[in-house]
Amino acid sequence: MTSTSRASRLTLRLIALAYLAVLLVVPVGVVFYRTFEHGVIAVYDSITTPAAISAFFLTLEVTLIAVPLNAIFGVLAAIALVRGRFPGKRLFDALIDLPFAVSPIVVGLALLLIYGRGGWLGDWLLDNGIQVVFSTPGIVLATIFITLPFVAREVAPVLREIGDEQEQAAATLGASAWQTFRRVTLPAIRWGLIYGVVLSTARAIGEFGAVSVVSGKIGGETETLTLLVEKRFQNFDLAGAYAASALLAVIAFVTLAGMTLVNKREEDTT
Amino acid sequence: MIKVHAVTKRFGDFIALDDVSLEVPDGSLTALLGPSGSGKSTLLRVIAGLEAPDRGEVEVGGEHATHLPPQERDVGFVFQHYAAFKHMTVRDNVAFGLTIRKRPKDQIKAKVDELLELVGLAGFHSRYPGQLSGGQRQRMALARALAIEPRVLLLDEPFGALDANVRADLRAWLRRLHDEVHVTTVLVTHDQEEAMEVAENLVVLRDGHIEQVGAPREIYERPANEFVMGFIGPVSQVDGTLVRPHDIALSDKPVDGAEKATVQRVVHLGFEVRAELIRGTGESVVAQLTKSEADALDLRDGETIWLRSPTRSAEPLSA
């Protein structure tokens with residue numbers, strides 16, 4: 001009896017590991033293998049071209065604008081959803097999930113229709129010297145749209161679980177709304193918030209579809225890392241594409257490692 | 001002194017409080033007693049400012065408080081499920097109200113030490129609420145509420161989530177604490193025994209109305225109506241009248257005014273013995289007697305006995 005269940009447990013583990021290996025480890029491994037096939041110097045040269053450096057910093061810039069904004073919005077939205085009572089709450093709830101439901105490429109096209117030349121706001125903005133589409137603001141907008149749900153969706157269940165009694169207790173003890181948020185609510189939701197920020201960051205760095213529509217793909221100007229990978233791939237610069245991919249993968253690994261550390265600390269403290 | 005004047009509170013179609021007025025004297029320990037849905041918790045939350053009444057006025061310590069937020073009412077509130085700040089140590093939980101008030105560090109420390117001593121948690125400073133038992137958490141919550149030296153202390157079913165043993169201990173402890181601290185206290189409970197043991201003043205509520213206010217003994221002996229009588233202690237019905245089971249006298253021989261009944265079941269609860277009887281009319285009645293009385297009668301199932309119901313001792317007043 002024990003030996004059969006042990007055998008089946010081992011089989012299950014093997015299947016799970018094989019699945020992971022075929023679908024995740026091998027492709028990523030190949031990327032790294034191909035990247036370093038021609039040596040470290042070639043890789044270094046490839047990721048330090050002006051276009052690559054510009055793409056790296058653009059990606060960083062977009063992420064550093066989009067993620068903090070969505071962190072703030074996400075926490076506010078979660079509080080409104082869980083604690084608030086207002087008309088249209090269900091609609092608001094559904095709207096937050098819209099970026100999950102809509103294909104990124106559609107998001108990009110929608111932004112183009114609004115902010116592009118001939119768009120609802122585009123002409124007015126251009127007349128006032130603000131270029132959104134084919135420029136950094138457009139990429140930031142697309143990234144904000146795509147990563148909007150993560151923080152709200154991670155924080156809302158935590159808020160629901162902790163309930164509002166701690167907040168009421170803080171109020172009777174004299175804490176203002178802001179003091180209650182900072183001293184009671186924020187510490188209670190911090191793991192959900194961190195998790196949401198990590199997910200948003202990973203998504204922001206890796207976003208391709210929406211960004212590719214609105215960026216205009218101007219090398220060295222509006223080209224993010226993912227767009228650089230695509231361009232090099234299209235131009236048969238496979239080594240260059242692999243190097244840029246590897247850079248993206250490294251950033252993703254760092255983000256994931258950060259998330260794992262956060263999870264570990266959470267387990268240790270509870 | 002807490003004054004509630006003509007307060008009405010609705011939740012949608014549900015009327016939680018219907019034109020309720022109440023005065024709680026200074027330094028007293030008052031229990032709001034009633035079944036669930038009677039409005040007792042809502043009344044407490046209206047006093048604390050956690051709910052805004054639709055109509056009516058609230059006064060706390062002689063000050064009009066109807067439109068004051070909870071922060072400015074100077075009330076200590078203790079929740080059924082403790083509402084402990086889970087990410088803070090016991091020390092920081094208790095110190096919270098004082099930290100918010102920016103009191104000097106040494107003053108806060110002295111107050112926290114004093115309160116933890118008072119609630120029997122000395123030496124637990126660095127624990128987290130998760131490392132405390134339910135009873136300890138609730139005592140910590142009480143210390144936290146007392147730290148701000150509130151004008152009134154409001155307790156919402158404070159022992160409701162605890163085991164029966166811990167409950168009984170904490171009840172006696174709360175009574176002693178109140179005798180020491182003297183802060184005007186309002187306790188919400190659905191447990192009449194708890195209310196009678198702890199409080200010197202009972203307020204019985206039903207369906208958003210106050211049914212009766214008075215000392216426990218007064219309410220027990222002279223309940224305003226059948227609801228209060230039934231809620232405040234066990235009752236038996238004899239010929240359409242409610243009587244206390246311990247007021248039914250049993251005898252093993254026929255006496256004046258007694259009627260025959262059959263013993264259906266005898267329940268031994270230690271000192272108390274409960275006899276379920278069937279009268280000649282077919283009506284069943286529960287009588288309560290002491291162990292020694294039951295032993296003297298040698299009560300057994302199926303036996304015939306004579307019972308005499310009280311003529312007036314616990315008859316309900318006509319409102």
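The values are calculated or read from the model by the stated rules, or taken from the named source; none is laboratory data. From a predicted model like this one, the values you see are computed outputs, not experimental measurements. Virtual Cβ from ideal backbone geometry, glycine too; neighbours counted across all protein chains shown.
Can you tell me which residue among B:Gly123, B:Gly76 is surrounded by fewer than 16 Cβ atoms within 10 Å (Cβ to Cβ) and not in a helix (DSSP H, G or I)?
That would be B:Gly123, the only listed residue that is surrounded by fewer than 16 Cβ atoms within 10 Å (Cβ to Cβ) and not in a helix (DSSP H, G or I).
Sort out for me the strands (runs of 3 or more DSSP E) sitting completely within segment B:256-304 that have 2 or more residues that are among the basic types (Lys, Arg) and surrounded by 14 or more Cβ atoms within 10 Å (Cβ to Cβ).
In segment B:256-304, the matching strands (runs of 3 or more DSSP E) lie at B:272-279.
Suppose we keep only residues that are more than 18 Å from the chain's Cα centre (by Cα) and hydroxyl-bearing (Ser, Thr, Tyr) within segment A:184-233. Which one would you say is nearest to A:Asn70 (Cα to Cα)?
A:Thr185
In segment B:214-226, which residues are out of contact with any Pro (no Cβ under 8 Å at 6 or more places or on another chain) and surrounded by 18 or more Cβ atoms within 10 Å (Cβ to Cβ)?
Across segment B:214-226, the qualifying residues are B:Pro216, B:Ile219, B:Tyr220.
For B:Leu205, state whether it is out of contact with any helix residue (DSSP H, G or I) (no Cβ under 7 Å at 6 or more places or on another chain) and either assigned by TED's automatic domain parsing to the domain that holds B:Phe11 or surrounded by fewer than 18 Cβ atoms within 10 Å (Cβ to Cβ) (or both).
Spelling it out, it is not the case that B:Leu205 is out of contact with any helix residue (DSSP H, G or I) (no Cβ under 7 Å at 6 or more places or on another chain) and either assigned by TED's automatic domain parsing to the domain that holds B:Phe11 or surrounded by fewer than 18 Cβ atoms within 10 Å (Cβ to Cβ) (or both).
Hey, among the residues in segment B:79-93 that are in a loop (DSSP other than H, G, I, E, B), more than 7 Å from chain A (Cβ to nearest Cβ) and of a type in the set (A, V, I, L, M), which one's farthest from A:Trp191 (Cα to Cα)?
For segment B:79-93, the residue satisfying everything is B:Ala84.
Among the residues of segment A:170-185 satisfying the criterion of being under 22 Å from B:Val152 (Cα atoms) and of a type in the set (Val, Ile, Thr), which is nearest to the other protein chains (Cβ to nearest Cβ)?
The residue in question is A:Thr172.
Restricting attention to segment B:148-158, which residues are more than 8 Å from chain A (Cβ to nearest Cβ) and over 22 Å from the mean Cα position of the chain (by Cα)?
The one that is more than 8 Å from chain A (Cβ to nearest Cβ) and over 22 Å from the mean Cα position of the chain (by Cα): B:Glu149.
Look through segment B:126-150, keep the residues that are of a type in the set (S, T, N, Q) and without any contact (Cβ under 8 Å) to a residue 40 or more places away in the chain, and return whichever of them is surrounded by the most Cβ atoms within 10 Å (Cβ to Cβ).
The residue in question is B:Gln136.
Give A:Gly240, A:Gly220 a once-over and let me know the one that is crowded, with 21+ Cβ neighbours inside 10 Å and over 28 Å from A:Val102 (Cβ atoms).
A:Gly240
Exactly one condition in (1) hydrophobic (A, V, I, L, M, F, W, C); (2) in a loop (DSSP other than H, G, I, E, B); (3) more than 26 Å from A:Tyr44 (Cα to Cα) is not met by A:Phe236; state its number.
Every condition holds for A:Phe236 apart from (3).
Tell me which residues, restricted to segment A:132-172, are outside any helix (DSSP H, G or I) and either β-branched (Val, Ile, Thr) or farther than 19 Å from A:Ala55 by Cα (or both).
A:Val132, A:Val133, A:Gly163, A:Asp164, listed by residue number.
Within the set of pairs 6 or more residues apart or between chains, which connect a residue that is more than 15 Å from B:Val235 (Cβ to Cβ) inside segment B:208-221 to a residue that is among the aromatic types (Phe, Trp, Tyr) and part of a strand (DSSP E or B) with Cβ atoms less than 9 Å apart?
Pairs found: B:Gly208/B:Phe14.
Of all residues being within 15 Å of B:Leu154 (Cβ to Cβ) and of a type in the set (Val, Ile, Thr) in segment B:8-43, which is surrounded by the fewest Cβ atoms within 10 Å (Cβ to Cβ)? Just the residue, please.
If we take residues in segment B:8-43 being within 15 Å of B:Leu154 (Cβ to Cβ) and of a type in the set (Val, Ile, Thr), then B:Val24 is surrounded by the fewest Cβ atoms within 10 Å (Cβ to Cβ).
Do you know which of the residues in segment A:187-198 that are in contact (Cβ under 8 Å) with a residue 60 or more places away in the chain and among the aliphatic types (A, V, I, L, M) is farthest from the other protein chains (Cβ to nearest Cβ)?
Residue satisfying both the conditions and the ranking: A:Val198.
Please state which one of A:Leu199, A:Leu227, A:Leu247 is of a type in the set (A, V, I, L, M, F, W, C), closer than 29 Å to A:Gly116 by Cβ, touching a Phe, Trp or Tyr at 6+ places or on another chain (Cβ under 8 Å) and in a helix (DSSP H, G or I).
Of the residues listed, the single one that is of a type in the set (A, V, I, L, M, F, W, C), closer than 29 Å to A:Gly116 by Cβ, touching a Phe, Trp or Tyr at 6+ places or on another chain (Cβ under 8 Å) and in a helix (DSSP H, G or I) is A:Leu227.
Just to verify a result, which residue in segment A:121-169, among those that are away from chain B (no Cβ under 14 Å) and of a type in the set (D, E, K, R), is farthest from A:Phe100 (Cα to Cα)?
A:Asp127
In segment A:121-153, which residues are aliphatic (A, V, I, L, M) and either in contact (Cβ under 8 Å) with a residue 12 or more places away in the chain or within 17 Å of A:Thr201 (Cβ to Cβ) (or both)?
Selection gives A:Val132, A:Val133, A:Ile139, A:Val140, A:Leu141, A:Ala142, A:Ile144, A:Ile146, A:Leu148, A:Val151, A:Ala152.
Taking A:Phe236 as meeting all but one of (1) in contact with a helix residue (DSSP H, G or I) (Cβ under 9 Å, 6 or more places away or on another chain); (2) more than 30 Å from B:Tyr128 (Cα to Cα), write down the number of the exception.
Among (1) in contact with a helix residue (DSSP H, G or I) (Cβ under 9 Å, 6 or more places away or on another chain); (2) more than 30 Å from B:Tyr128 (Cα to Cα), the lone unmet condition for A:Phe236 is (1).
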